[in-house]
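The values are calculated or read from the model by the stated rules, or taken from the named source; none is laboratory data. Everything numeric here is computed off the predicted structure, so don't read it as measured data. Counting neighbours? That spans all protein chains shown, and the Cβs are built from the backbone with ideal geometry, glycine included.
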Amino acid sequence: MYLENVVVDATDPQALGRFWEAALGSETLTDELAGFETRLAVPDGPVLDLCFQRVPEPPLEPQRLHLDLRGGAAVESTVERLLALGARRADIGQGQVAWEVLADPEGNPFCVVQDRAAYAETGPIATLPLDVADPDREHDFWQWLTGWVSVEGSGPRSLQHPSRRGPLLELCAEVVPKGPAKNRMHLDLRLEPDDDADALALEIAGRGGRELHFDWGDLPWRHFADPSGNEFCLLPSRG
């Protein structure tokens with residue numbers, strides 16, 4: 001299996017998806033009433049799809065997964081470009097920090113970070129910070145789940161695609177535990193043709209995760225949570 005999607009809940013997936021597509025320079029995959037998908041292909045690295053799915057009401061729970069965008073040598077010019085696209089400056093209690101905090105058109109916070117050696121080959125998304133209860137434990141869980149490798153980043157523990165290209169998945173110590181509400185952003189993994197979904201479900205449970213069962217009808221994918229309660233999905237093989 002491999003990491004395929006970053007999924008974002010949105011009341012207007014077309015508007016939000018087009019904002020992020022312009023911000024990242026990605027390419028439209030799907031544009032329909034239920035959602036908008038755009039593909040970010042990192043040269044010689046991973047391909048990540050950003051999927052914006054329609055929800056009836058704006059999410060209110062704290063953000064546990066967000067995007068850090070690479071600002072390059074001129075962070076302020078990157079910030080001004082994003083503001084012109086529809087972002088706004090945001091105060092989430094960050095105080096005096098070396099990065100800029102913005103919010104997208106639906107209020108999802110994200111950061112524009114200064115250049116670091118670790119971000120040299122990430123592409124426009126520098127990191128995917130994920131709040132977890134135990135960064136060491138979650139590092140091992142997500143390393144097994146994604147097949148990504150351990151690297152030095154700005155968070156306590158970081159992973160990156162084996163090509164050493166594309167964004168870092170940073171496991172950050174949570175400020176408050178995960179609540180009962182579903183995360184507004186989550187990750188999807190795609191099964192390979194020879195993957196056994198039932199065996200993987202047992203392995204996820206053995207590593208501290210669990211399968212989730214929602215009353216959402218018959219869906220082709222399965223829902224899970226990592227040991228900290230962060231939701232993710234296993235999508236069926238394309239084969």
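For (1) in contact with a His (Cβ under 7 Å, 6 or more places away or on another chain); (2) hydrophobic (A, V, I, L, M, F, W, C), each residue gets a yes or a no:
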position: Asn5; (1), (2): no, no
position: Asp31; (1), (2): no, no
position: Pro43; (1), (2): no, no
position: Leu50; (1), (2): no, yes
position: Glu80; (1), (2): no, no
position: Arg89; (1), (2): no, no
position: Val101; (1), (2): no, yes
position: Pro105; (1), (2): no, no
position: Phe110; (1), (2): yes, yes
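Taking the residues in region 74-87 that are at pLDDT 90 or above and assigned to a loop (DSSP other than H, G, I, E, B) as candidates, determine which candidate is farthest from Glu174 (Cα to Cα). Across region 74-87, the extreme among qualifying residues is Gly86. Go through region 220-239 and give me each residue that's part of a loop (DSSP other than H, G, I, E, B) and either touching a strand residue (DSSP E or B) at 6+ places or on another chain (Cβ under 9 Å) or closer than 21 Å to His66 by Cα (or both). Listed by number, the residues that qualify are Pro220, Trp221, Asp226, Pro227, Ser228, Gly229, Asn230, Pro236, Ser237, Arg238.
Residues that are modelled with pLDDT of 95 or more and either polar (S, T, N, Q) or farther than 30 Å from Ala205 by Cβ (or both) do not occur anywhere in region 128-139. Considering only residues that are surrounded by fewer than 18 Cβ atoms within 10 Å (Cβ to Cβ) and more than 17 Å from Val112 (Cα to Cα), which ones fall in region 17-34? Once the filter is applied, which keeps residues that are surrounded by fewer than 18 Cβ atoms within 10 Å (Cβ to Cβ) and more than 17 Å from Val112 (Cα to Cα), region 17-34 yields Glu27, Thr28, Leu29, Thr30, Asp31, Glu32, Leu33, Ala34. For region 152-179, the set of residues classified as of a type in the set (D, E, K, R), part of a loop (DSSP other than H, G, I, E, B) and in contact (Cβ under 8 Å) with a residue 40 or more places away in the chain consists of Arg164, Arg165, Glu174, Lys178, listed by residue number. Checking the structure you have, find out if any residue of region 63-73 is over 20 Å from Glu100 (Cα atoms), part of a loop (DSSP other than H, G, I, E, B) and out of contact with any Ser or Thr (no Cβ under 9 Å at 6 or more places or on another chain). No, region 63-73 contains no residue that is over 20 Å from Glu100 (Cα atoms), part of a loop (DSSP other than H, G, I, E, B) and out of contact with any Ser or Thr (no Cβ under 9 Å at 6 or more places or on another chain).
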